[in-house]
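The values are calculated or read from the model by the stated rules, or taken from the named source; none is laboratory data. Everything numeric in this text was worked out from a predicted model, so none of it was measured. Here the Cβ positions follow ideal geometry from the backbone for every residue, glycine too, while neighbour counts run over all protein chains shown.
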Amino acid sequence: MAGVASSSRQRSKIAPYLMILPALVYLGIFFVVPFFSLARTSLSSMGGSVYLPTLTFNWDFSNYLDAFSHYQDQIIRTFTYALVATLLCLLLAFPLAYVIAFKAGRYKNLILGLVILPFFVTFLIRTIAWKTILADDGWVVAALGSVGLLPSEGRLLSTSWAVIGGLTYNWIIFMILPLYVSLEKIDPRLIEASKDLYSTNRRSFTKVILPLSMPGVLAGSLLVFIPASGDFINADYLGSTQTTMIGNVIQKQFLVVKDYPAAAALSMVLMAIILVGVLLYTRALGTEDLV
Amino acid sequence: MTTQAMAEVGTTEPTTIKGSPKWGDLILRIVAGLVLLYLFLPIFVIVLFSFNHPQGKFNYSWQGFTLNNWAHPFKYPALTDALKLSINIAAVSTAIAVLFGTLLAIALVRQRFRGRTAVDTFLVLPLTSPEVVIGAALLTLFLDLGWATGYTTIVIAHVAFEISFIAMTVRARMRGFDWTLEDASMDLGAGPARTFFKVTLPLIVPGIIAAAMLSFALSLDDFIITYFVSGSTVTYPLYVNAAVKAAVPPQINVLATAILVISLLLLAVGTLYRRKRIDV
């Protein structure tokens, strides 16, 4: 009997490692190693002919200097757009998440389903639809023009606001869901207790609801900010040459110009800036709360 | 549909917080309703324009009503092929990722081992890296290895980002389960394998199905990473992107609407099924 017990204990010591091994090996090869390839490429020089380019790894840091000097505008624009989009997502998502969590009653699941539903349409097709909505001859431009919010000849499409609007729309779901999850966890009795203790509605909100929804706010902002700062579709479809983001440059350099070292260096810069932001955030909230 | 749902919301009380002034409550509900409407605005446009009769190459402005597009949804073989290929890639990559991700999730929830927290943190990384960087990094790997990009590299890339999503979804669903059921099974003489297949697996299957559906949807919708590692292979989102540059047939809207309706039906069936189970 003792032998059986010890052998099963032995097995359970290796078992977890056997279970995590396939996933970790896979992610090691196809998630971690690619970043080394990317780093290596970013420090290489292009040589050879246009038809047969060769990459030589020679610690060529000039790619990084070029990335900053050539694309400074795009870098600043990218993080400004992503930040504004994140704030807009928070502003729009909070009332909706709040109503679903506290006011929806038995229609909670139905409304949650409705919130998720639009995201079953391919992201690109949704963005094309915004192109139609914001078009110069569309009804939105006409309506805004007639109430004087938009000057005649004024445009929505191809402006910064169109790009920011697209970023907001495409990732707002990642703000609504974590916000809803953290609001839903709040015990309504806590809010009642604050009311019983003569708190005003505003004070109940700022002292009880808002602090308890912080994990959702932080997780949601990360889940919006990161993909928004790496996106190039919204800038491509809804913007103009004046609204290009880092993603547009990386995409073009990699797949059209094929200047791999420059594109890789710019990818590393984007990743580094985001990583610093994420580290500062996770310090405050811990990864468990992120999902 | 949405306005009706919102109107009905107003008549229910169960978890309503007491003491808020009526007008504040009303404004909040109106704002929430408007946000919901905003979420659906492009969807209305997509459905409406599936009935459009475009004159030129692009389906951007309303020209007139027709049922013609719906009568010939598969008029463009390239579009249909791209959709079929995307479904194929989503199915294959999800099958692989479900296997890896579920094993990982079970180990994380059920086992105590050294390095568990490190694995936990590591899993978040693919979700917190911008897609454009993941795509670029994979492309540099494939260039270094000298692999031609195409179907295989797309599947490889999709599995890589799906594993984390699946592991996290399954893990989240496994929290709060009554694991003493496993002990009960062992006490009643079932071996570890029998316990796994008869007790553990049935408990976690709903979580695995939810994770697989999410993974399938993510794969079907992925554009950015796929764009980098696709070579000349054309998936559904890649077809749509090429169409934006050249010509947008209304069949794109028809198929998008069809996918939406199917999702809506699945959602409705799921909700009814759940409600029925609770009632019993």
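Of all residues in the stretch B:202-237, those being at the interface with chain A (Cβ under 9 Å from one of its Cβ atoms) and not charged (D, E, K, R) number 8.
If only one of B:Val119, B:Val124, B:Val109 is without any contact (Cβ under 8 Å) to a residue 40 or more places away in the chain, over 28 Å from B:Gly150 (Cβ atoms) and part of a helix (DSSP H, G or I), which one is it?
On the way: B:Val124 fails: without any contact (Cβ under 8 Å) to a residue 40 or more places away in the chain; B:Val109 fails: without any contact (Cβ under 8 Å) to a residue 40 or more places away in the chain.
Only one candidate qualifies: B:Val119.
With a requirement of 3 or more residues that are within 11 Å of chain A (Cβ to nearest Cβ) and at pLDDT 85 or above, the helices (runs of 4 or more DSSP H) lying completely within the stretch B:1-104 that satisfy it span B:22-49.
Here is a list: B:Val240, B:Val248, B:Val244. Which entry is surrounded by 18 or more Cβ atoms within 10 Å (Cβ to Cβ), assigned to a helix (DSSP H, G or I), in contact (Cβ under 8 Å) with a residue 12 or more places away in the chain and not acidic (Asp, Glu)?
Criteria check complete, one pass: B:Val240.
Just checking, which of B:Ile224, B:Ile204 is farther than 28 Å from B:Ser129 by Cα, among the hydrophobic types (A, V, I, L, M, F, W, C) and in contact (Cβ under 8 Å) with a residue 60 or more places away in the chain? After applying the criteria, what remains is B:Ile204. Would you call A:Ser158 more than 10 Å from chain B (Cβ to nearest Cβ), surrounded by fewer than 22 Cβ atoms within 10 Å (Cβ to Cβ) and under 30 Å from B:Thr235 (Cβ atoms)? Against the criterion (more than 10 Å from chain B (Cβ to nearest Cβ), surrounded by fewer than 22 Cβ atoms within 10 Å (Cβ to Cβ) and under 30 Å from B:Thr235 (Cβ atoms)), A:Ser158 qualifies. Annotation: of all residues in the stretch A:120-137 being within 7 Å of chain B (Cβ to nearest Cβ) and among the hydroxyl-bearing types (Ser, Thr, Tyr), the one that is nearest to the chain's Cα centre (by Cα) is A:Thr122. Every condition in (1) crowded, with 21+ Cβ neighbours inside 10 Å; (2) in contact with a Lys or Arg (Cβ under 8 Å, 6 or more places away or on another chain) holds for A:Lys195 except the one numbered (1).
One line per residue, one yes/no per condition, for (1) more than 23 Å from A:Cys89 (Cα to Cα); (2) in contact with a Pro (Cβ under 8 Å, 6 or more places away or on another chain); (3) among the hydroxyl-bearing types (Ser, Thr, Tyr):
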site	(1), (2), (3)
A:Ala193	yes, no, no
A:Thr200	yes, no, yes
A:Ser221	no, no, yes
A:Ile233	no, no, no
A:Phe254	yes, no, no
A:Ser267	yes, no, yes
A:Ile273	no, no, no
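Restricting attention to the stretch A:184-195, does a residue exist that is touching a residue at least 60 places away in the same chain (Cβ under 8 Å) and either in a helix (DSSP H, G or I) or among the small types (Gly, Ala, Ser) (or both)? Reasoning before the result, please.
The first filter runs over the stretch A:184-195 and keeps only residues touching a residue at least 60 places away in the same chain (Cβ under 8 Å), leaving A:184, A:186, A:188.
This time we only want the ones that are either in a helix (DSSP H, G or I) or among the small types (Gly, Ala, Ser) (or both), so: A:184, A:188.
Checking the stretch A:184-195: at least one residue is touching a residue at least 60 places away in the same chain (Cβ under 8 Å) and either in a helix (DSSP H, G or I) or among the small types (Gly, Ala, Ser) (or both).
If the condition is being in contact with a Phe, Trp or Tyr (Cβ under 8 Å, 6 or more places away or on another chain) and over 18 Å from A:Ile176 (Cβ atoms), then the stretch A:104-128 contributes A:Thr122, A:Leu124, A:Thr127, A:Ile128.
Residues are listed down the side, and each one gets a yes or a no for (1) more than 18 Å from the chain's Cα centre (by Cα); (2) within 8 Å of another protein chain (Cβ to nearest Cβ):
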{"position": "A:Ile209", "(1), (2)": "yes, no"}
{"position": "A:Pro215", "(1), (2)": "no, no"}
{"position": "A:Val224", "(1), (2)": "no, no"}
{"position": "A:Ile233", "(1), (2)": "no, yes"}
{"position": "A:Gly247", "(1), (2)": "no, yes"}
{"position": "A:Gly277", "(1), (2)": "no, no"}
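Given the criteria assigned to a helix (DSSP H, G or I), facing another protein chain (nearest Cβ under 9 Å), touching a helix residue (DSSP H, G or I) at 6+ places or on another chain (Cβ under 6 Å) and surrounded by fewer than 19 Cβ atoms within 10 Å (Cβ to Cβ), does B:Leu267 qualify?
Details: assigned to a helix (DSSP H, G or I): yes; facing another protein chain (nearest Cβ under 9 Å): yes; touching a helix residue (DSSP H, G or I) at 6+ places or on another chain (Cβ under 6 Å): yes; surrounded by fewer than 19 Cβ atoms within 10 Å (Cβ to Cβ): yes.
Yes.
Of everything in the stretch A:83-114 that is at the interface with another protein chain (Cβ under 10 Å from one of its Cβ atoms) and over 16 Å from B:Arg29 (Cα atoms), the residue that is surrounded by the most Cβ atoms within 10 Å (Cβ to Cβ) is A:Gly113.
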